[in-house]
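These notes are about the structure you will find just below.
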Amino acid sequence: MKGWSVVSKKNILPYICAVIVFCIWGLSFIFTKQAIVNVDVYHFLGLRFGTAAIVLLVLKLLNIIKLNYTKEDLYKLLLLSTIQPLAYFILEINALKVNTTSEVGIMMALIPVFVAILAPFFLDEKPSKSQFAFILMSVSGVIFMIVMKGLTLQINLYGMSILLLAVISGAFYNILARKFSSDCTPVEITFVMMWLGAIVFNSISIYKHIRLGNLNEYFVPLQDNNVLISVLYLGILASIVAFFLFNYNLSKLSASNVAVFANFTTVVSILAGVFIYGEPFYWYQVVGTIIILIGVAGTNYLGTKDHLKVQDERR
């Protein structure tokens, strides 16, 4: 009980933040879905990250947030931001065009596994065998729900290659953000990510609008309340708040402990569908949810025990 006592009294904040982050991201699917019906995906991403970048700039000008970069820090963060949001979002978007939702769901659930495999090489953080078993349990919960719902797999080498690259980019973001957190604050990391995303995605969208000859209509989608609400939710909550908390988590917890929380988004998405859209809640979703939660809890509980053991040995 010693490990649990320390978590509940002293180190509970990162875990609370992790739950908040993946609740926000779990609900983001709803807002994205209702927005991209009438808006090009790159245009929507441009509006989303543009909103986030402007809000962060205003906070900086008001001295609410502090930024202190060295040239080396900027190089690191530009590399990190190239991986996420740029590479990850571009790969995920294109993967959704050529793969089924089931395939994407299964592959994205593998990100925690890739993080656990890569962490020992880049971070000197090696999950125990028990932790790895709980990570696999969490992943199996996602896969179980997808298979029970009805899995359609179509062998598409190009599509699977894009998906694999998206998974690898997601894993490397976890690794590098954890590594760079010793030199940069969560706010500094988030600021560069949002601005690079805003510049690149808006550049792509503006180029498309120029080719179509309708650049003067660039902000017309914001007249649609569904799009406006989605941009504000995803730009402020899902981008600024969630990424700030996520980067904070990576500065406090091991990459594997944080990554396994990603499968919690599946649970949130299902519950959102049930309570917001009145979708049915099937028995296999209950079972899958329980498996995911046990996997997440087990991974983090064991991670805390290992951390306490190391601290005791150092004393």
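Some notes on this structure:
- One residue stands out among those in the stretch 159-188 that are under 17 Å from PHE243 (Cβ atoms) and not in a helix (DSSP H, G or I): the one that is modelled with the lowest pLDDT, which is SER181.
For every residue, the table says whether it meets (1) surrounded by fewer than 16 Cβ atoms within 10 Å (Cβ to Cβ); (2) modelled with pLDDT of 85 or more; (3) among the polar types (S, T, N, Q).
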{"residue": "ALA259", "(1), (2), (3)": "no, no, no"}
{"residue": "TRP283", "(1), (2), (3)": "yes, yes, no"}
{"residue": "ILE294", "(1), (2), (3)": "yes, yes, no"}
{"residue": "GLN311", "(1), (2), (3)": "yes, no, yes"}
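- Only one of the numbered conditions (1) modelled with pLDDT of 80 or more; (2) farther than 21 Å from ILE270 by Cβ; (3) surrounded by fewer than 18 Cβ atoms within 10 Å (Cβ to Cβ) is not met by ASN156, and that is (1).
- The combined condition, being under 30 Å from TYR42 (Cβ atoms) and either small (Gly, Ala, Ser) or modelled with pLDDT of 80 or more (or both), is fulfilled by ASN94.
- Some residue of the stretch 63-78 being closer than 30 Å to GLY273 by Cβ and under 18 Å from the mean Cα position of the chain (by Cα): no
- Close contacts from the stretch 257-284, counting a first residue that is more than 21 Å from MET108 (Cβ to Cβ) and a second that is not in a loop (DSSP other than H, G, I, E, B), with Cβ to Cβ under 6 Å and a gap of 6+ residues or different chains, come to PHE281/VAL274.
- Candidates are the residues of the stretch 24-46 that are outside any helix (DSSP H, G or I) and of a type in the set (A, V, I, L, M); the one that is farthest from VAL274 (Cα to Cα) is VAL39.
- Check on GLU92, more than 19 Å from the chain's Cα centre (by Cα) and either surrounded by fewer than 18 Cβ atoms within 10 Å (Cβ to Cβ) or within 28 Å of ILE36 (Cβ to Cβ) (or both): no
- Subset of the stretch 105-137 (residues that are outside any helix (DSSP H, G or I) and at pLDDT below 85): ALA109, LEU110, ASP124, GLU125, LYS126, PRO127, SER128
- Hey, PHE49 touching a Gly at 6+ places or on another chain (Cβ under 7 Å) and crowded, with 20+ Cβ neighbours inside 10 Å or not: yes
The values are calculated or read from the model by the stated rules, or taken from the named source; none is laboratory data. Being a predicted model, the structure only gives us computed values, none of them experimental. Counting neighbours? That spans all protein chains shown, and the Cβs are built from the backbone with ideal geometry, glycine included.
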